[in-house]
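The values are calculated or read from the model by the stated rules, or taken from the named source; none is laboratory data. The structure displayed is predicted, hence computed values, not measured ones. Virtual Cβ from ideal backbone geometry, glycine too; neighbours counted across all protein chains shown. Note: areas computed on protein heavy atoms with side chains; ligands, DNA, RNA excluded. Shrake-Rupley method; radii C 1.70, N 1.55, O 1.52, S 1.80 Å.
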Amino acid sequence: MNRLLAVYTLALREVVRFVRQKNRVFGALAQPVLFWIIFGAGLSASFSPGVSAGQGYNEYFYPGTVVLVLLFTSIFSTISIIEDRNEGFLQGVLVAPVGIGSVVAGKVVGTTILALMQGGIMLALAPLAGLPLDLGQVVAAMLVLAFIAIALTGVGISIAWNMSSTQGFHAIMTAFLMPMWFLSGAFFPANGLPSWLAAMLAVNPLTYGLATFRYALYEPGSPALANLPSLPVSAAALGLFALGSVTLATALAHRRPAGPDS
């Protein structure tokens with residue numbers, strides 16, 4: 001009971017703090033939407049990822065934009081681990097009789113709720129991308145987004161837990177997290193790529209998360225789903241990505257429970 005209360009309390013704190021910081025809400029939503037508008041408009045005339053499917057670039061880029069919203073939400077949320085440690089809040093939580101697993105779970109649950117709130121707003125824009133969704137597709141899409149958010153939050157916690165400066169976290173974000181998104185098939189399709197670049201997409205777990213999300217948005221057999229990994233493979237890889245990242249985050253938290261200053 002104490003563990004569930006701790007998870008609930010930490011998750012609620014995460015949501016309340018994020019919502020009260022309007023600049024974080026604006027940054028997590030505005031930048032991906034601007035990317036979608038600018039890149040979609042700028043590249044639509046010269047880039048045709050799915051000519052046979054009649055798919056324009058705005059439509060192709062839309063699922064990647066939604067995943068980018070989740071990525072930014074995870075980044076902005078997990079970076080608060082460093083702030084909490086520097087302000088002494090994290091140390092106070094860690095000495096409470098709740099267990100490290102509850103602390104990590106609270107962070108994951110809170111961030112996933114935030115990601116789903118913002119992902120839900122982005123899904124409401126799907127008709128603007130030429131994707132009118134029915135209720136079943138919305139439910140499936142939200143479920144997939146939850147798994148992606150859990151996976152990205154686990155990655156964020158794993159990175160932030162052992163770091164002492166937000167500047168260092170931003171450097172990792174630039175060098176690792178953003179390339180992971182670029183190489184997920186969000187920006188360009190895998191077909192026709194050089195073999196070395198296609199291999200990088202194939203080993204990127206986010207590739208399968210984005211592919212599963214595309215399956216949730218389209219009817220089975222849609223030409224827009226051509227050249228994607230199969231649904232069973234994509235869904236299994238996404239599940240393993242989420243489980244593996246949270247397991248890694250929990251293991252790292254147990255290994256260094258008080259951070260680098262301990």
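Quick look at the values:
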quantity: Gain on full stretching of the segment that runs from residue 248 to residue 231 - 0.36 nm per residue minus C-alpha separation; calculated: 3.6 nm
quantity: Solvent-accessible area, 1.4 Å probe, carbon plus sulfur percent, for the chain; calculated: 71 percent
quantity: Mean Cβ neighbour count within 10 Å, used as a protection proxy, ranking 68-80, 123-135 highest first; calculated: 68-80, 123-135
quantity: Charged-residue dipole, Cβ positions (Lys, Arg, Asp, Glu), the chain about Cα centre, Debye nearest 20; calculated: 480 debye
quantity: Estimated FRET transfer efficiency (residue 20, residue 203; beta-carbon r; R0 41 Å; 0.05); calculated: 0.60
quantity: Rg over Rh, two decimals, the chain (C-alpha only, Kirkwood Rh); calculated: 0.98
quantity: Angle in degrees between helix 2-20 and the longest Cα principal axis of the chain, rounded to the nearest 10; calculated: 60 degrees
quantity: For segment 202-214, 3J(HN,Hα) per residue [Karplus equation, 6.51 cos²θ - 1.76 cosθ + 1.60, θ = phi - 60°, Hz, x = Gly/Pro]; calculated: 5, 8, 7, x, 5, 4, 6, x, 5, 4, 4, 5, 5
quantity: Cα shape, segment 127-196, gyration tensor, a/c 1.5 rule; calculated: oblate
quantity: Packing-based ranking, highest mean first, of 144-154, 57-67, 222-232 given that Cβ atoms within 10 Å are counted; calculated: 144-154, 57-67, 222-232
quantity: Projected label distance in nm at residue 30 and residue 95, using a 7 Å step from Cα toward the beta-carbon; calculated: 4.0 nm
quantity: Charge-dipole axis of the chain as Lys and Arg at +1 and Asp and Glu at -1 on Cβ define it, positive-most pick from 70, 242, 103; calculated: 103
